[in-house]
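Okay, so here's the structure we're looking at.
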Amino acid sequence: SILVNEAFVAENNLKNPLGKVITLDKYFQDSIPKTIVGVVGNVHHGSMRDRLKPGVMFMQNWASGGILLKINAAGVQDGLRKFEELYHELLPEAVYSYAFMDDLNKRQYENDLRWKTIFSAGSIISILICCLGLFGLVYIAGQQRTKEIGIRKVIGASNLCIVKMISLDFVKLVFIAFIIATPLALVAVDEWLSNFAFRIQPGLKLFASAILITALMVIASTILLAMRIAKANPVKALRQ
């Protein structure tokens, strides 16, 4: 007699699995007929990259693998000690070792976490370089239009008008960059997620906070320098 999971039932197109007699030579080197006596829910044991696999449970007269043990978080060490004593009592010649499931799960994603750190650091550095580049472009643009800014201020232009004049073109460039970069980022993220059997569907909401924070940093650095240029003495600008 065997128990099977829902994935096994679906893969083998078993309409009414209970009581059916099957062989498992498709999965094991075992051609002995077995009767399905129960169906259990799917339990995912592997990485999120792996699809749910058909599962079969049956009694065997030889031991293999390991034991899954759930211990109360408040008494982990005491529970492990008692289990080790029982293990050595029942299997005195067997090697005893254990590992926590959360540690095993983390190991499956070590490479992903490493790349996350690399991309996060790279993104921060890229944003800082972008802000410095825009800062330099705004400064150069302001220096090239020093006399124009001075004349505009003399004839009554406000600091706000000067700031708009200097920064508007650069703000437009930033938004154009976001329009181009967002679809490319969506494609890249979707391509990476295609490696996972269990995954989210990336959407614009996923990028909304990143776009907003980056846009605020870039626009703020642009406007702050534009304000500094706008507040300069127009008389000095006209004398140059």
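The values are calculated or read from the model by the stated rules, or taken from the named source; none is laboratory data. Everything numeric here is computed off the predicted structure, so don't read it as measured data. Cβ: placed from backbone, ideal geometry, glycine included. Neighbour counts: every protein chain shown.
Observations on the structure shown:
- Filtering G38, G79 for residues that are small (G, A, S), modelled with pLDDT of 90 or more, surrounded by 10 or more Cβ atoms within 10 Å (Cβ to Cβ) and out of contact with any helix residue (DSSP H, G or I) (no Cβ under 9 Å at 6 or more places or on another chain) leaves a single hit, G38.
- Of all residues in the stretch 1-17 being surrounded by fewer than 12 Cβ atoms within 10 Å (Cβ to Cβ) and free of Cβ contacts under 8 Å to residues at least 24 places away in the same chain, the one that is nearest to M101 (Cα to Cα): N13
- Evaluation of H45 against (1) at pLDDT 85 or above; (2) part of a loop (DSSP other than H, G, I, E, B); (3) closer than 27 Å to W192 by Cα (one fails), failing number: (1)
- Count - residues of the stretch 19-35 that are exposed (fewer than 11 other Cβ atoms within 10 Å of the Cβ), at pLDDT 85 or above and assigned to a loop (DSSP other than H, G, I, E, B): 2
- Comparison of E85, E93 shows that the only residue that is outside any helix (DSSP H, G or I), over 28 Å from N195 (Cα atoms) and acidic (D, E) is E93.
- Of all residue pairs spaced 6 or more apart or on separate chains, those with beta-carbon atoms under 7 Å, a first member in the stretch 211-230 that is closer than 10 Å to V174 by Cα and a second member that is buried (at least 20 other Cβ atoms within 10 Å of the Cβ) and of a type in the set (A, V, I, L, M, F, W, C) are V218/L134.
- Taking each residue of the stretch 88-113 that is among the aliphatic types (A, V, I, L, M) and looking for partners that are not in a helix (DSSP H, G or I) with beta-carbon atoms closer than 8 Å, six or more apart or interchain, yields M101/L68.
- Exactly one residue among A181, A215, A208 is assigned to a helix (DSSP H, G or I), assigned by TED's automatic domain parsing to the domain that holds G122 and more than 21 Å from L137 (Cβ to Cβ), and that residue is A208.
- Criterion applied to L69, L104, L128 was being aliphatic (A, V, I, L, M) and in a loop (DSSP other than H, G, I, E, B), and the one residue passing it is L69.
- Positions within the stretch 133-142 being in contact (Cβ under 8 Å) with a residue 60 or more places away in the chain and surrounded by fewer than 17 Cβ atoms within 10 Å (Cβ to Cβ), in sequence order: F135, Y139
- Selected residue (criterion: surrounded by the fewest Cβ atoms within 10 Å (Cβ to Cβ)) from residues of the stretch 153-195 that are in contact with a helix residue (DSSP H, G or I) (Cβ under 7 Å, 6 or more places away or on another chain), in contact (Cβ under 8 Å) with a residue 60 or more places away in the chain and not aliphatic (A, V, I, L, M): N159
- Sole exception among (1) of a type in the set (G, A, S); (2) without any contact (Cβ under 8 Å) to a residue 12 or more places away in the chain; (3) touching a strand residue (DSSP E or B) at 6+ places or on another chain (Cβ under 9 Å) for G75, by number: (3)
- Residue match in the stretch 145-160 (condition: closer than 11 Å to A226 by Cα, charged (D, E, K, R), in a helix (DSSP H, G or I) and assigned by TED's automatic domain parsing to the domain that holds I229): no
- Per-region count, the stretch 82-123, residues assigned by TED's automatic domain parsing to the domain that holds S194 and farther than 23 Å from H45 by Cβ: 10
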